[in-house]
1. Answer yes or no: is there a residue in segment 292-304 that is modelled with pLDDT of 90 or more, in contact with a strand residue (DSSP E or B) (Cβ under 8 Å, 6 or more places away or on another chain) and either exposed (fewer than 15 other Cβ atoms within 10 Å of the Cβ) or assigned to a helix (DSSP H, G or I) (or both).
2. Mind checking whether some residue in segment 338-347 is touching a His at 6+ places or on another chain (Cβ under 6 Å) and in contact (Cβ under 8 Å) with a residue 12 or more places away in the chain?
3. Scan segment 216-251 for residues that are modelled with pLDDT under 90 and in contact with a strand residue (DSSP E or B) (Cβ under 6 Å, 6 or more places away or on another chain) and jot them down.
4. Across segment 48-63, what is the total count of residues that are modelled with pLDDT of 80 or more and either under 22 Å from HIS341 (Cα atoms) or of a type outside the set (Asp, Glu) (or both)?
5. Select the strands (runs of 3 or more DSSP E) contained entirely in segment 146-259, then report the ones holding at least 1 residues which are surrounded by fewer than 20 Cβ atoms within 10 Å (Cβ to Cβ).
6. Looking at GLU266, GLU262 in this structure, which one is under 26 Å from GLN226 (Cα atoms) and not assigned by TED's automatic domain parsing to the domain that holds ASN360?
7. Any idea how many residues of segment 44-64 are buried (at least 20 other Cβ atoms within 10 Å of the Cβ) and either touching a strand residue (DSSP E or B) at 6+ places or on another chain (Cβ under 6 Å) or touching a residue at least 60 places away in the same chain (Cβ under 8 Å) (or both)?
8. Going by the structure shown, is LEU288 at pLDDT 90 or above, in contact with a Gly (Cβ under 7 Å, 6 or more places away or on another chain), farther than 18 Å from GLU363 by Cα and of a type outside the set (Gly, Ala, Ser)?
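The values are calculated or read from the model by the stated rules, or taken from the named source; none is laboratory data. This structure is a prediction, so every number in the text was calculated from the model and none was measured. All Cβ positions, glycine included, derive from the backbone under ideal geometry; neighbour counts span all protein chains shown.
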Amino acid sequence: MKTGDILLIEDDLSQCESTACLLEQAGFSTHSAQTCRQAREFLDQNQYDAVLSDLNLPDGEGVQILSHARQRHPEILFFVLTGDPSIPQAVKAIRKGVTDYFSKPFDDSDLIQRLTQSIDQVHRKRNLKNQEARLSASRHPNGLVGNAPSIQQLRRDIEALADSRSTVLILGESGTGKTLTARAIHEHSTRRQGPFVEIDCGCLSDSLLESELFGHVAGSFTGANQNRSGKFLLADGGTIFLDEIGTASTQLQLKLLRVLQERQFEPVGSSKTHRVDVRVILATNQDLPEMVRRGTFRADLFYRINVITLRQPSLKERLADIPELADFHLNRICLEQEKPHRRLSSEAMERLKQYEWPGNVRELVNVLERAVVLSRGPVLCESDLPSQICHTSPLPAQAIPRQGLRQVLLAPEQELIEQALRKHDGKRQAAARELGIDRTTLYKKMKRFGLLENLKANTVYNYSTD
C-alpha cells in the first residue's frame, strides 16, 4: 500500500539507490535526483508529500530547494540528510523551514517511522480540508454563492415564492446560473419530492421541440416509431423549466399558452388530452418586451408568464463575489476530479477580479476546471489561467452615461463579437473559440445584436456554421 510520494535528492549514487530501495520497500513512491537542478525539474512536474535531501549537493545546498518546493507545494515536508549533525547547523536548517533532519549514517527504522508519521499527519490535514470542502458545498447546495446585494435579494425571493403555484420568469445573460435558480425554487418548494424536468428551447427545431414538450404517438411523423411521453407529462407533480423560451416560434408559443392556462395538451398526432399538475419556470436572455413590440413574441404569452420575474445578475455586476465563487467551485471541481485541494495565488485571484467575464459564472467555472486539470501543484498561478484572463486590463474609471450600465457594456461586447467574426471570415466556431464562449452562446448573442439579420441580408458578413 502506497504511503506517500517522496523526492529523494542525493548525489552519492550508491547511497541514493540504497535509500530509494528502503523507501520503496516501506511503501513510498520515490523519484531520485542528484542535483538541485534535477530536483527543481521534478518539483515542477510532479506533486510530492515530502522531500528528503542531502545537505551538500554538486550545484548548491539542499536547503536552497526549499523555497522552490514550497512555492509549488505549500504543504510539502522537507527533510535534510547531513553528515554534520551539529546543533548550530540543525538550528539554522529548522529556522529556514526544514521539517526535520537525519544524521548520516541514519537508522533505517527511525527514518521510515518519522517519515510515515509526518506524512500521515499531512494526509489527515488534507482529508480534513476535503471534508470542509464538502461542508462548504452543502451550505450552497444550489450553487447560489455570494453576498452581493443582488444575490441576497434573489435568495430571499426564492424562499418567498417557492411554495406558490405562480409561473416564474427568470431574466439574465447566458451563463449567469438561471438553471441553478430554477432548481433552487423547486428544491425549496413542496414539490421537491416530484421531478424537476429541464429543456433548452434554443437547442431544438420547432417540430422536435413540440415533440419533446408534449410527446408524440407512433407514426405521427417520419422517424416516430413508437409512442413517446413529453416533458410536461414527465414533470407531472413537479416542476418543468423551459430555458431560452424567447427562441420558441410563435406557433409553439400559442400551444404553450394553452398549457399554462389550462394545464392540458395533446401529444403530436393524438387527439387524447392529458391534464397535468406542474409548476412552470421559464428563462431567457432576451428582451421579451422588445420582442413583443417587434411581433416575434406573443403579447398574450408574455403577460401570462410575466407573473413573478426574477433577475439573475451578471458576474461583472458582482465582481466582489469572485473569491467566494472561485473557492466554492474549486472545492467542488477538485472533489469531482479526485484531485488534491487547490487554491488560487493572490496574483491569479486579482486577474480573475479584473476580467470582464462575458461568459459569466459558466466561464469562470470552465477557467477553474481547466486550471485544476492542467496544474501540477496545489497553488494555481497566473500561468495556469488562459491568456485572455492574464492579458486583460481593468476598465478605466469613468462616468456612467445616461443610457445606463447595461447598455454601456453591451456596446463593446457587440464590437468584440463583430471583430472576431471578421477575423475568422464569419466562422462562428472559430470566433466563439477566440471569445472563450461556446457556439450556442455566440449564436444567441448574434441574434440579440441583430447580427443574424446581416446574414440573411448578406450585407456585412458571410457567416458560416463551420
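1. In the first step, residues of segment 292-304 are kept if they are modelled with pLDDT of 90 or more; the result is 292-304.
Checking which are in contact with a strand residue (DSSP E or B) (Cβ under 8 Å, 6 or more places away or on another chain) leaves us with none.
Within segment 292-304, not a single residue is modelled with pLDDT of 90 or more, in contact with a strand residue (DSSP E or B) (Cβ under 8 Å, 6 or more places away or on another chain) and either exposed (fewer than 15 other Cβ atoms within 10 Å of the Cβ) or assigned to a helix (DSSP H, G or I) (or both).
2. If we filter segment 338-347 for residues that are touching a His at 6+ places or on another chain (Cβ under 6 Å), which is where we start, we get none.
No, because not a single residue in segment 338-347 is touching a His at 6+ places or on another chain (Cβ under 6 Å) and in contact (Cβ under 8 Å) with a residue 12 or more places away in the chain.
3. Those that are modelled with pLDDT under 90 and in contact with a strand residue (DSSP E or B) (Cβ under 6 Å, 6 or more places away or on another chain): HIS216, SER220, ALA224, ARG228, SER229, GLY230.
4. In the first step, residues of segment 48-63 are kept if they are modelled with pLDDT of 80 or more; the result is 48-61.
Applying the additional criterion that residues be either under 22 Å from HIS341 (Cα atoms) or of a type outside the set (Asp, Glu) (or both) yields 48-53, 55-58, 60.
The total comes to 11.
5. Numbers: elements: 168-171, 196-200, 239-243.
It comes to 168-171, 196-200.
6. Details: GLU262 fails: under 26 Å from GLN226 (Cα atoms).
When all the criteria are applied, what remains is GLU266.
7. Of the residues in that region, 8 qualify.
8. Values: at pLDDT 90 or above: yes; in contact with a Gly (Cβ under 7 Å, 6 or more places away or on another chain): yes; farther than 18 Å from GLU363 by Cα: yes; of a type outside the set (Gly, Ala, Ser): yes.
Here the answer is yes, as LEU288 does meet what is asked.
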